[in-house]
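A quick write-up on the structure given underneath.
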Number of protein chains: 4
Amino acid sequence: MKSEIFEFSVQIYYEDTDHSGVVYHSNYLKYFERAREDVIGIENLVELWKKNNLGFAVYKVDIVYHEGAEFGDKLKIISQYEFDGKYRLIWNQTAWRPNSKKPAVDAIIHLVCINKNKQLVPIPEVKLPLHS
Amino acid sequence: MKSEIFEFSVQIYYEDTDHSGVVYHSNYLKYFERAREDVIGIENLVELWKKNNLGFAVYKVDIVYHEGAEFGDKLKIISQYEFDGKYRLIWNQTAWRPNSKKPAVDAIIHLVCINKNKQLVPIPEVKLPLHS
Amino acid sequence: MKSEIFEFSVQIYYEDTDHSGVVYHSNYLKYFERAREDVIGIENLVELWKKNNLGFAVYKVDIVYHEGAEFGDKLKIISQYEFDGKYRLIWNQTAWRPNSKKPAVDAIIHLVCINKNKQLVPIPEVKLPLHS
Amino acid sequence: MKSEIFEFSVQIYYEDTDHSGVVYHSNYLKYFERAREDVIGIENLVELWKKNNLGFAVYKVDIVYHEGAEFGDKLKIISQYEFDGKYRLIWNQTAWRPNSKKPAVDAIIHLVCINKNKQLVPIPEVKLPLHS
């Protein structure tokens, strides 16, 4: 069962681009993480980390680049997640350039939760409405 | 004669921090640039670049680090500029952690404008109200 | 038909890690790109860009994270490629922590070549011995 | 009394540049840090961190940008330090493009040492031959 669809926006600055004139490919992973943190709630992540010694970690990414975003673009990041058992959260995330009909980049990202000893723990219940 | 004072906000994500637990020192230069681009106007910068082949470049930075920002902080960036002749724009920029009485980081940053041949040109008149 | 196997090494600095104590996940894409540039030859890439207006672009990445590298690690990047037709170069790349028996991260990365108008062109013959 | 002069080299990759065609200004701070870590010894820094809970932190940077490095450049980083009392290490660092007669970037960088409670401690004696 999939979550609702979340929207987040990312402004593209000088720092994001490379000398070929478009956004450097690894940066989209940063934008997708910012968007996920926005969904989960940064204050929740801080509390999990400080009180429970828990953090999310990316386990797997499948990403396809269709078009390069440029300096000045305001990207729209669309995110949706679903649980895959108790230990994995699967995110479907896309990045859209202004006025475009197809996503510039799309990705499927698997998140797990680990404690300070790097051991897997069940995904905690933090503002993720579909948790069963 | 100094400009008015501008405010900009920056959310600190995983990507911003390093293993010591605070924001990596060079990242504040990115936040200050984002804030300057917000003051000048990103659409103005895109137009300058595409139509006039002009871009701003950092010539000089004096920066002091008083306190490290942490994951989850929402920093406030305070910016003010003044012209130093026709060729140089001097920015006074500070980064503030939430609820703090002193800036975490303060900087003086000198900006110049260059064309595609890397030659200095006068600062163009783009939404910078104090240009004389 | 697969290429020979190439080795490249990456030192992990403060800048590479995040506050959780391990390397930030998107940075491995940078290390893999550095290793590919080393295989292709940076001087070849500069010449392609300046004389022929051609550049490589990442089209697709499938990456799995098994273990987090830490500050001070010297990672070994192992790379191998094969052509998939004239237009695509598929790389198999892994990152190894010191003295480990399994890769910390493994990835399959699809590279294409584009001109300044962002049109696909055949992969150029630059120090890639298996080109048919 | 100044230390000997240390040399370190940095290859400029796609990730280092921005859409204006040169290295993004904040990245030189990363190169200077890599060079300092090389002088101090990364294994020493790891041991200080893990055993003594101590880390170096940048307190102050004065940096001037004379010329932009480009994709493909192999920069030479020249570093020299001196102690300023027991609590501060002052580094003089410059970045040189290939075959150039002047540094592209020069900086004076003040380093301090802090414990896990963010309190200043004297600079530890780690492979820094001029410590008095």
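The values are calculated or read from the model by the stated rules, or taken from the named source; none is laboratory data. Please read all numbers here as calculations on a predicted model, not as lab measurements. Cβ: placed from backbone, ideal geometry, glycine included. Neighbour counts: every protein chain shown.
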Can you name the condition, by its number, that D:GLU82 falls short on among (1) under 19 Å from C:TYR13 (Cα atoms); (2) at pLDDT 95 or above? (1)
Within segment C:37-44, is there a residue that is small (Gly, Ala, Ser), surrounded by fewer than 17 Cβ atoms within 10 Å (Cβ to Cβ) and over 25 Å from A:VAL22 (Cα atoms)? no
Taking segment D:24-74 and keeping residues among the aromatic types (Phe, Trp, Tyr) and within 12 Å of chain B (Cβ to nearest Cβ) leaves D:TYR24, D:TYR28, D:TYR31, D:PHE32, D:TRP49, D:PHE56, D:TYR59, D:TYR65
Residue list for segment C:1-17, restricted to those being crowded, with 23+ Cβ neighbours inside 10 Å and among the charged types (D, E, K, R): C:ASP16
If we keep only residues of segment B:96-112 that are within 14 Å of chain A (Cβ to nearest Cβ) and buried (at least 16 other Cβ atoms within 10 Å of the Cβ), then the residue farthest from B:PHE32 (Cα to Cα) is B:ARG97
Which of (1) under 29 Å from B:VAL58 (Cβ atoms); (2) away from every other protein chain (no Cβ under 13 Å); (3) in contact with a Lys or Arg (Cβ under 6 Å, 6 or more places away or on another chain) does D:GLN93 not meet, given it meets every other one? (3)
Identify, by number, the condition in (1) farther than 16 Å from D:PRO124 by Cβ; (2) within 11 Å of another protein chain (Cβ to nearest Cβ) that D:ILE77 doesn't meet. (2)
Across (1) under 24 Å from A:ILE108 (Cα atoms); (2) surrounded by fewer than 22 Cβ atoms within 10 Å (Cβ to Cβ), A:VAL22 clears everything bar (2)
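Residues are listed down the side, and each one gets a yes or a no for (1) under 15 Å from A:GLY55 (Cβ atoms); (2) out of contact with any Cys (no Cβ under 6 Å at 6 or more places or on another chain):
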residue: A:ALA69; (1), (2): no, yes
residue: A:ASP73; (1), (2): no, yes
residue: A:GLN80; (1), (2): no, yes
residue: A:TYR87; (1), (2): yes, yes
residue: A:GLN93; (1), (2): no, yes
residue: A:ARG97; (1), (2): no, yes
residue: A:ILE109; (1), (2): no, yes
residue: A:ILE123; (1), (2): yes, no
Show the residue pairs meeting these rules: Cβ distance below 7 Å; 6+ apart or different chains; first residue within segment D:5-20 and among the acidic types (Asp, Glu); second residue assigned to a strand (DSSP E or B). D:GLU7/D:LYS76; D:GLU7/D:ILE78; D:ASP16/D:VAL23; D:ASP18/A:THR17
When you scan segment B:20-48, how many residues do you find that are more than 19 Å from B:ILE123 (Cβ to Cβ) and at pLDDT 95 or above? 11
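Suppose the filter is within 14 Å of chain A (Cβ to nearest Cβ) and either at pLDDT 95 or above or assigned to a loop (DSSP other than H, G, I, E, B) (or both); does D:LYS2 pass it?
Working: within 14 Å of chain A (Cβ to nearest Cβ): no; either at pLDDT 95 or above or assigned to a loop (DSSP other than H, G, I, E, B) (or both): yes.
Here the answer is no, as D:LYS2 does not meet what is asked.
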Every residue from segment C:45-69 that is buried (at least 19 other Cβ atoms within 10 Å of the Cβ) and within 20 Å of A:ALA57 (Cα to Cα): C:VAL61, C:ILE63, C:TYR65, C:GLY68, C:ALA69
